[in-house]
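Reviewing the structure listed below.
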Amino acid sequence: MATYTEKKDNNWGLLGLLGLLGLLGLAFIITKKPPTKNIELSDLVISPTEAYVGQQISVSCTATNVSDEQSSLNVIFKVNGVTVEQRLITLDARQYDTIVFATTAGPVRAPPYNVNLNELSGFFSVISDYPIAVRDIVVTGPGGATEIYEDELVTFTATVINLGNVADNRDITLTVDGYTQTRNSGILTPGQTADVQFSFAIDLPGTYTATIEFTSKQFEVLPVYRPPYSVIALSASQNDMNGRSTFYADGHFFSFFYKGGIMFSSSPDGTPGTWRVPEMVMAPLRDSSFWSVHYSPWHHWIDIVGYYSGIESNGDVSFMRGVPQIDGSIEWIIPRQTVRSYRLGEQPSITTDIYGTP
């Protein structure tokens, strides 16, 4: 009779043991803490933060090994997301060191350049093509007023800085809607700032833009109330105290009258107490005087004609020309001069050529 011996299969036991070990390993993997970063970066320094095209930019930080063992870290230096340099640093336990990278500003002026050293971030700006750079423009009216009106003197103050490493100076050119002025910065030592001023009047209201290289400032010129021009040519005898010639220009009323000679006064609004002390502009030469004043808004100047004669003598015709100023004064661009002499009984007059020359 054949005899059969039952043989137990031990493979299931081996598989069970391996499964148990797998579960223990999985539990170990799940419960194991992630590795600790042993080197930390801090204190990002970018110098300078304002630069000119081609200037060297230094980017540095402090690397600290916070562990008790020697450790390494790959530091990646990026500008605007583009890797400039990678560097593997190694520090002994609890050691720290300063890590320095460098780049060149540019190649063109641009909005802020973003800088990264791993998780640290900052930025620098390229503000000029030259070491002497313009930081800002401030636009003000007379006396530093923030509101600017037509025909007023506008002041443009540009703050400039020497970003270079040597003393230097440079011509700075301001442009306002096609009109330009140039001033020199003066000698500036490295890091020194200075204010460069420009000024001129703008005769029409509107929105304007002041530009110096890459720096711009928009400003508004406001209209002013201008009463109708009163351009009156008067003849007044020497004793006529009431004859006047009055007009409005550059924010002031200008009034001419006769009192022993041709005099003028001005006022910002024409009210009592605001008129400046009268000034003599043309004194008489003879015992009888006649005069006239004419203001030309087109040419923006004042012409004065005075002629003097005695009852039994010949006389002279005098002429002078001035430009009204925003402070109520007059700048005389053609001082008083005798145009011609005339004979008794003549009635002289003065005409001008196409250039306004008498």
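Just so it is clear, none of the values below were taken in a lab; they were calculated from the coordinates. In this text the structure is predicted, and so the values were computed from the model without any measurement. No Cβ is skipped: glycine too gets one built from the backbone with ideal geometry, and neighbour counts run over all protein chains shown.
Rounded to the nearest 20 debye, what is the charge dipole size of the stretch 39-128 about its Cα centre when +1 sits on each Lys and Arg Cβ and -1 on each Asp and Glu Cβ? Each step should come with its number before you reach the end.
Numbers: 4 positive and 9 negative charges, 93 e Å.
That gives a dipole near 440 debye.
This model, with +1 at the C-beta of Lys and Arg and -1 at the C-beta of Asp and Glu, gives the stretch 95-200 a dipole about its Cα centre of some 380 debye. Full extension of the chain between residue 60 and residue 271 yields a length gain of 69.3 nm, computed as 0.36 nm times the residue separation minus the alpha carbon distance. The GluC sites (Glu not before Pro) found in the stretch 54-127 that occupy coil by DSSP, while having at most 12 further C-beta atoms within 10 Å, are 69, 119.
Counting other beta carbons within 10 Å of each residue's own, what order do 87, 170 fall into, fewest first?
Values: 87 13, 170 18.
Taking fewest neighbouring Cβ atoms as first place, the list is 87, 170.
Legend: ranking of residues 298, 291 from fewest to most surrounding C-beta atoms inside 10 Å; resulting order 298, 291.
Evaluating 6.51 cos²θ - 1.76 cosθ + 1.60 at θ = phi - 60° for every residue in the stretch 94-106, the Karplus couplings come out as 6, 8, 9, 7, 9, 9, 10, 10, 9, 8, 10, 5, x Hz, glycine and proline recorded as x. For the stretch 39-128, the spread of Cα positions along the three principal axes, ordered from largest to smallest, is 48, 19, 17 Å. The orientation-averaged shadow of the Cα convex hull for the stretch 129-206, equal to a quarter of the hull surface, comes to 5.4 nm².
Karplus-derived 3J(HN,Hα) values for the stretch 74-84, using 6.51 cos²θ - 1.76 cosθ + 1.60 with θ = phi - 60°, are 8, 9, 10, 9, 10, 10, 6, x, 9, 5, 8 Hz; glycine and proline are entered as x.
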